[in-house]
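Participant: Let me begin by handing over the structure; questions about it come next.
The values are calculated or read from the model by the stated rules, or taken from the named source; none is laboratory data. No experiment lies behind these values; they were computed from the predicted model shown. Neighbour counts run over all protein chains shown; Cβ positions are idealised from the backbone, glycine included. When the accessible area is computed, the model is the full protein with side chains, heavy atoms only, and any ligands, DNA or RNA have been set aside. Shrake-Rupley method; radii C 1.70, N 1.55, O 1.52, S 1.80 Å.
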Amino acid sequence: MRFPNGWVGGTALVAGPVLLLAGTLLRSPFHFFFPDQLRAVAEHPALMRAAYTAFLAGTVVLWAAVARLAHGIAERAPRWAVWGGVLVTVGLFGRTFHAGVDQAAFNAVEHLGVDRATDLVAQGYGELHLFSYLSFTIMCGWFVLAVGAYRAGVLGVVRAVALASTGLLPLGVLKGTDVLSVAGTIGLCVALVPLGIRTIREQPRPTRRGVLTAVPVAVGLGLLAVLSTLG
């Protein structure tokens, strides 16, 4: 059995792009750069937290989508699958790192006020860290994966171009929404959601035993999630 399996990979191919698009659209009413984003956090905290949480959730879920896509590419273009999969996955790690900084900035707005939080972010905005040297993967990985998907026949030319457009998404800390953000996340949906639906439809129907096993497992994971918030 491949990891992730068809159910996990197929669901991720659908959920990951949709979550990224939702997060992108939720923060679209506000200006792009970080002072405006922090001001929006102060004025619309629930909306902004929902937007950034949805984008982060989509970023995390996409690892399984990328792995599933890379498996398909590897059957006919293994080198493109390896390089594309590795570069995109590292790029997803980079976006997750940025999301942690975003969360810290949101907390600074809550506890210090928007002006002091903006000054704090501005002072450290250009600081170097590991992902400063790996930022190219956030963009370039999608181009490599798209070429591989086309060469392997996994995606046609239109959907391969749509996948490549994901590389146009702005990167970095506290980035809002612009035209490229919307185009890139819509392109990701066009490229991956149909593939995810097809993957799910190809899976065998869950057995009664499997469903009965999944219910207590899901409840247990939910309880662990709640416990995790207690420190």
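Participant: Could you calculate the FRET efficiency of GLU110 with VAL86 from 1/(1 + (r/R0)^6), where r is the beta carbon distance between them and R0 is 30 Å, rounded to 0.05?
Facilitator: Computed FRET efficiency for GLU110 and VAL86: 0.20.
Participant: Turning to a different aspect of this structure: Relative to the present Cα-Cα distance, how much length would full extension add between HIS44 and PHE32 at 0.36 nm per residue of separation?
Facilitator: Fully extending the segment from HIS44 to PHE32 adds 2.8 nm.
Participant: Here's a follow-up. As a test question: what accessible area, to the nearest 10 Å², does PHE34 have when a 1.4 Å probe is rolled over all protein chains in place?
Facilitator: In the full protein context, PHE34 sits at about 40 Å².
Participant: Considering the values [x] 21.4, 62; [y] 19.1, 67; [z] 18.9, 57, which represents Rg and Dmax of the Cα atoms in Å as calculated for the structure under consideration?
Facilitator: Given [x] 21.4, 62; [y] 19.1, 67; [z] 18.9, 57, the structure-derived one carries the label [z].
Participant: Compute the signed sum of charges (Lys and Arg +1, Asp and Glu -1) over the other residues within less than 15 Å, Cβ to Cβ, of GLU110.
Facilitator: 0
Participant: Taking the Cβ of ALA122 as the center, what net charge do the other residues with Cβ under 14 Å away carry, scoring Lys and Arg +1 and Asp and Glu -1?
Facilitator: Around ALA122, the charge tally is -2.
Participant: Springs between alpha-carbon atoms under 10 Å, Gaussian network over the chain: tell me which of GLY85, GLY100, GLY16 tops the mean-square fluctuations.
Facilitator: GLY100
Participant: Please identify the helices of the chain, taking whole runs of DSSP H, that span at least 18 Å along their own axis as judged from the Cα atoms and have a mean Kyte-Doolittle score of -0.5 or higher.
Facilitator: Correct list, ordered by number: 6-26, 45-74, 78-112, 135-151, 179-201, 208-228.
Participant: With every protein chain left in place and a probe of 1.4 Å, what is the accessible surface of TRP7, to the nearest 10 Å²?
Facilitator: That residue has around 100 Å² of solvent-accessible surface.
Participant: So if we plug the beta-carbon distance of LEU130 and LEU227 into 1/(1 + (r/R0)^6) with R0 = 22 Å, what FRET efficiency do we get, rounded to 0.05?
Facilitator: 0.15
Participant: Next question, about the same structure. Spin-label point model (7 Å from Cα, Cβ direction): what's the ASN5 to LEU171 distance in nm?
Facilitator: 3.4
Participant: For the chain, modelled as a Gaussian network with Cα springs under 10 Å, which listed residue fluctuates most, LEU20, LEU69, LEU221?
Facilitator: LEU221
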